[in-house]
Amino acid sequence: MSTKTGPQRYPGASRANWYQDDFGGDAMEVNVVVLHTTEGRSLPGYGGGGSAPNLTAVPDLSAKKLRWYQHFDIESSSRALQNLRGGVETNTLNVCQVELVGTCDPKTHKKWQDAGQSHIYWPDAPDWALLGVARFLAWMHEEHGLPLTGPKAWPAYPTSYKNGGGQRMSGAKWSGFKGVCGHMHVPENDHGDPGAIDFARLLKHAKADLDLDDDNPSQTEPSKPSKPKVPTYPGRKYFREGASNKYVLQLGKQLVKRGFGDHYRVGPSQAWGEADRLNVRDFQKSRKELRGDADGYPGPLTWRLLFA
């Protein structure tokens, strides 16, 4: 247990189903994300919040995007894992939990498919859905230092149930684990979700979201002029109130260059302040990719689009 660090709300997530006021939660500095699947097709009620995770990702199949609901702060313990008395800690061991609406069970998938009921089968999730989860993991890496690593074994359900695939961690391994895992990996639990989700592709997407020099054209197309490299995103920690550093000045100059310096009275300051936040917000509102996250603070995507 430790002092909370970093933003506690995922940008754009709804708090329409907020449970922390009713159930509290232990404060902790998160270094693990556990992925679940709901085995349902809509946002669960979680027994009024008694078994809720920190966040739920609900697929909007027509819009091809995930709609996020936040139930507990990022660094407050949630309630979706079994936690036996006298054993290792699960819910309260520096864990942020995410439920993915859909199924990992091939029988359930076939049943819903045969009935014409639209859903996501997470072991064969469309790329837009994996990208939505990957963006959250990238945000967790940037804002909370989550390692973008995890177990090698992600056996398919029902093999993953209990410990059929030999994937579940021992108490000692779990206590020392940092990174991304599934419900299937957590000790004292028998669930097998999220099954054979494409974890390698998920991490690849998350790392690509953080790779700010990936806009260069392929070497197989030398005839095309190369695009200028985007300067490396330094991280959210450099843009705190009153922070004075070269990145704040670099950002301010680029905002002015792109026509978003209206809130500066004379010129961009080297100390982060309200004028910087308002100018960043104006830029975010101008881009359809960022309108849902126009909070005035530069994240990796804001930085990339501003300097592209």
Subject >> Members of segment 120-131 found to be buried (at least 18 other Cβ atoms within 10 Å of the Cβ), in contact (Cβ under 8 Å) with a residue 24 or more places away in the chain and outside any helix (DSSP H, G or I), listed by number >> reply: ILE120, ALA125
**OP:** Please identify the pairs in which a residue from segment 235-258 that is on the phi > 0 side of the Ramachandran plot has its Cβ atom under 7 Å from the Cβ atom of a residue that is of a type in the set (Asp, Glu) and assigned to a helix (DSSP H, G or I), counting only partners at least 6 apart or on another chain.
**Re:** GLY235/GLU142
**OP:** Inspect all residues belonging to segment 170-193 and state whether any of them is surrounded by fewer than 20 Cβ atoms within 10 Å (Cβ to Cβ), assigned to a loop (DSSP other than H, G, I, E, B), among the small types (Gly, Ala, Ser) and at pLDDT 85 or above.
**Re:** yes
Original post:
Yes or no: GLN82 in contact (Cβ under 8 Å) with a residue 60 or more places away in the chain, assigned by TED's automatic domain parsing to the domain that holds MET28 and of a type outside the set (Val, Ile, Thr)?
Top reply: yes
Original post:
Within segment 23-55, which residues are surrounded by fewer than 16 Cβ atoms within 10 Å (Cβ to Cβ) and either modelled with pLDDT of 95 or more or assigned to a strand (DSSP E or B) (or both)?
Top reply: ALA27, GLY40, SER42, GLY45, GLY47, GLY48, GLY50
Original post:
Does GLY299 satisfy being within 26 Å of TYR10 (Cα to Cα), touching a residue at least 24 places away in the same chain (Cβ under 8 Å) and crowded, with 20+ Cβ neighbours inside 10 Å?
Top reply: yes
Original post:
Among the residues of segment 69-82, how many are part of a loop (DSSP other than H, G, I, E, B) and closer than 18 Å to ASN31 by Cβ?
Top reply: 8
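The values are calculated or read from the model by the stated rules, or taken from the named source; none is laboratory data. This one's a predicted model, so the numbers in the text were calculated from it and none came from an experiment. As a convention, Cβ positions derive from the backbone with ideal geometry for all residues, glycine included, and neighbour counts pool all protein chains shown.
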